Amino acid sequence: MLSQKMKEALNRQVWMEAQSSQAYLAMGSWAEIQPGLKGCTKFFFKHSDEERMHMLKLIHYINERGGFAVIPSLEQPVLTFVSLKAAFDQLFKHEVKVSESINNLVEIALAEKDYATHNFLQWYVIEQMEEERLARECNDKLELIGDDKSGLYLFDRDIMTMDQQ
Ligand code: OFO
């Protein structure tokens with residue numbers, strides 16, 4: 001059985017994952033109308049779907065452990081970006097915030113000796129490490145590329161394979 005505090009904290013995480021999904025959906029929609037960003041468009045939409053899956057996993061966990069997962073209302077995400085680099089900067093910052101939030105959940109689980117939730121959260125800990133790595137890698141590459149159009153072309157072509165490493 002989840003404690004009240006744990007239930008509330010997990011529900012906040014539901015909101016955070018849903019908000020991430022919205023943010024990446026907005027990035028995908030923005031990328032889709034930019035010339036030559038087919039690969040990035042696919043990447044953002046795929047990430048939005050993954051965040052929704054992270055949210056669903058939490059919803060089922062809360063409900064299975066005697067809580068009630070509350071479907072939250074969402075804030076409108078940032079809709080437009082001055083550059084692809086700006087979108088990826090935001091994505092990276094967002095992932096860092098999500099990692100902090102997951103770490104906070106782990107701390108609560110440990111403090112409450114809720115080892116089931118602690119165990120459940122390990123999947124998120126690993127996932128966040130991977131997402132931060134990928135976002136950092138994308139940012140580093142875009143920093144190197146700058147305004148070089150052929151570099152951007154290759155980045156867009158390769159981004160889906162970077163995602164699988
Ligand atoms: Fe849910 O992993 Fe990113 O935010």
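The values are calculated or read from the model by the stated rules, or taken from the named source; none is laboratory data. Since the model is a prediction, treat every value here as computed from it, not as a measurement. Reconstructed Cβ throughout: ideal geometry from the backbone, glycine too, with neighbour counts over all protein chains shown. Ligands, DNA and RNA are stripped out before the accessible areas are found, and what is left, the full protein with its side chains, is counted by its heavy atoms. Shrake-Rupley method; radii C 1.70, N 1.55, O 1.52, S 1.80 Å.
Mind checking which residues of the stretch 87-118 are of a type in the set (Ser, Thr, Tyr) and within 11 Å of the ligand (Cβ to nearest atom)? Quick ask: steps written out before the conclusion?
Taking the stretch 87-118 and keeping what is of a type in the set (Ser, Thr, Tyr), we get 99, 101, 115, 117.
Across the stretch 87-118, the qualifying residues are Ser99, Ser101.
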Quick one: Gln76 ticks every box in (1) within 12 Å of the ligand (Cβ to nearest atom); (2) part of a loop (DSSP other than H, G, I, E, B) except a single one, so which number is it? (1)
Is it the case that the stretch 133-150 has a residue that's part of a helix (DSSP H, G or I), under 17 Å from Lys57 (Cβ atoms), in contact with an Asp or Glu (Cβ under 9 Å, 6 or more places away or on another chain) and not charged (D, E, K, R)? no
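Regarding Arg157, is this residue within 22 Å of Val98 (Cα to Cα), in contact (Cβ under 8 Å) with a residue 40 or more places away in the chain and out of contact with any Lys or Arg (no Cβ under 6 Å at 6 or more places or on another chain)?
no
Based on what the data block shows, is Ser48 open to solvent by less than 50 Å² (accessible area, probe 1.4 Å), within 13 Å of the ligand (Cβ to nearest atom) and farther than 22 Å from Lys141 by Cα? Before you say what the answer is, go through the steps one by one.
Working: open to solvent by less than 50 Å² (accessible area, probe 1.4 Å): yes; within 13 Å of the ligand (Cβ to nearest atom): yes; farther than 22 Å from Lys141 by Cα: no.
So Ser48 does not fit the description; no.
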Taking the stretch 70-120 only, how many residues are under 24 Å from Leu58 (Cα atoms), of a type in the set (Val, Ile, Thr) and open to solvent by 40 Å² or more (accessible area, probe 1.4 Å)? 3
With criteria (1) in contact (Cβ under 8 Å) with a residue 40 or more places away in the chain; (2) away from the ligand (no atom under 16 Å from the Cβ), Ser83 comes up short on (1)
